[in-house]
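A quick write-up on the structure given underneath.
The values are calculated or read from the model by the stated rules, or taken from the named source; none is laboratory data. The shown structure was predicted, so the numbers you read here are calculated from the model rather than taken from an experiment. When we count neighbours, we look across all protein chains shown, and the Cβ atoms used for this are built from the backbone with ideal geometry, even at glycine. To get the accessible areas, we keep the full protein, side chains included, count just its heavy atoms, and leave off ligands, DNA and RNA. Shrake-Rupley method; radii C 1.70, N 1.55, O 1.52, S 1.80 Å.
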Amino acid sequence: MYGMVNKAIEEMITSRYGERTWETIKALAGVDVDVFISNEAYPDAITYELVRAASEHLGLASEAILEAFGMHWVLHTALEGYGVLLDAGGATLPEFLCSLPTFHTRVALIFPNLTPPVFKVTELQRDSLHLHYVSRRQGLAPFVVGILKGLGIRFRTEVVVSVVQCREQGAEHEEFLVTWNANANESSGS
Ligand code: HEM
């Protein structure tokens, strides 16, 4: 994956636990990279090893780390570095979710060798939708859950994410039911 992903993991760990913890996790992961370059591609194994080592060192499940990383991704990494892209995704949670299927097309203008996830929206209602997530990579569903929760915070909209089906249980791809408070962004007095 592009270095910006590993860089973002580094930022999250460093801001929460400090530089020394990050160095320990990197050593545990056997990663010998001083500085990750955002627009350079690194083997996916590096990202997975960093998450595994963080899980071991911090005593947290890797799913919890990936979920926290997803929230950090929206609220810090994307916001600080790619705010224009985030803004283009929509002004409300449902608008943004409906833009997910084409979102990484714009990201690919910056990162041309991207292997992006594929998203599809079905069963769109006033306060819910089903989000289908298809990826060649394994085990990143908790990252998606974290991003969805981060988007809830970004749009000040209560959001609940539940897993409808997942590959771990034999499904072909992940499917989430995303429910939100449809009144959150409506002006009062109407
Ligand atoms: C400005 C915002 C964003 C940027 C710059 C961005 C960029 C990236 C980059 C560089 C990768 C690594 C892929 C690779 O190197 O091949 C990636 C992966 C990924 N992104 Fe985004 N992304 C953004 C927003 C989002 C959002 C809103 C979602 C929604 C859930 C999302 C979901 C994912 C997932 C799940 C992956 C893992 C790849 C996989 O599943 O195969 N991203 N993104």
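Out of ALA64, ALA78, ALA45, ALA88, I need the residue that is closer than 30 Å to ARG156 by Cα, over 15 Å from the mean Cα position of the chain (by Cα) and of a type in the set (Gly, Ala, Ser). Which one?
Of the residues listed, the single one that is closer than 30 Å to ARG156 by Cα, over 15 Å from the mean Cα position of the chain (by Cα) and of a type in the set (Gly, Ala, Ser) is ALA88.
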### Query
without any contact (Cβ under 8 Å) to a residue 12 or more places away in the chain and of a type outside the set (Ser, Thr, Tyr) - does that describe any residue in region 124-141?
yes
### Task
Could you please give the count of residues in region 26-73 that are part of a loop (DSSP other than H, G, I, E, B), crowded, with 16+ Cβ neighbours inside 10 Å and in contact with an Asp or Glu (Cβ under 8 Å, 6 or more places away or on another chain)?
3
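Inspect region 93-106 for any residue being aliphatic (A, V, I, L, M), open to solvent by 50 Å² or more (accessible area, probe 1.4 Å) and more than 10 Å from the ligand (Cβ to nearest atom) and give the result as yes or no.
Within region 93-106, not a single residue is aliphatic (A, V, I, L, M), open to solvent by 50 Å² or more (accessible area, probe 1.4 Å) and more than 10 Å from the ligand (Cβ to nearest atom).
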### Message
Tally up the residues in region 92-121 that are touching a residue at least 60 places away in the same chain (Cβ under 8 Å), over 16 Å from the mean Cα position of the chain (by Cα) and over 17 Å from MET4 (Cβ atoms), please.
### Response
2
### Task
Only residues that are more than 16 Å from the ligand (Cβ to nearest atom) and out of contact with any helix residue (DSSP H, G or I) (no Cβ under 7 Å at 6 or more places or on another chain): list them for region 27-47, please.
ALA27, ASP32, ASP34, VAL35
#### Entry: Matching option when the condition is over 22 Å from ALA41 (Cα atoms), among the β-branched types (Val, Ile, Thr) and surrounded by 14 or more Cβ atoms within 10 Å (Cβ to Cβ), among THR122, THR115, THR77, THR157
THR157
### Message
Considering only residues that are more than 11 Å from the ligand (Cβ to nearest atom), among the charged types (D, E, K, R) and free of Cβ contacts under 8 Å to residues at least 60 places away in the same chain, which ones fall in region 48-90?
### Response
GLU49, ARG52, GLU56
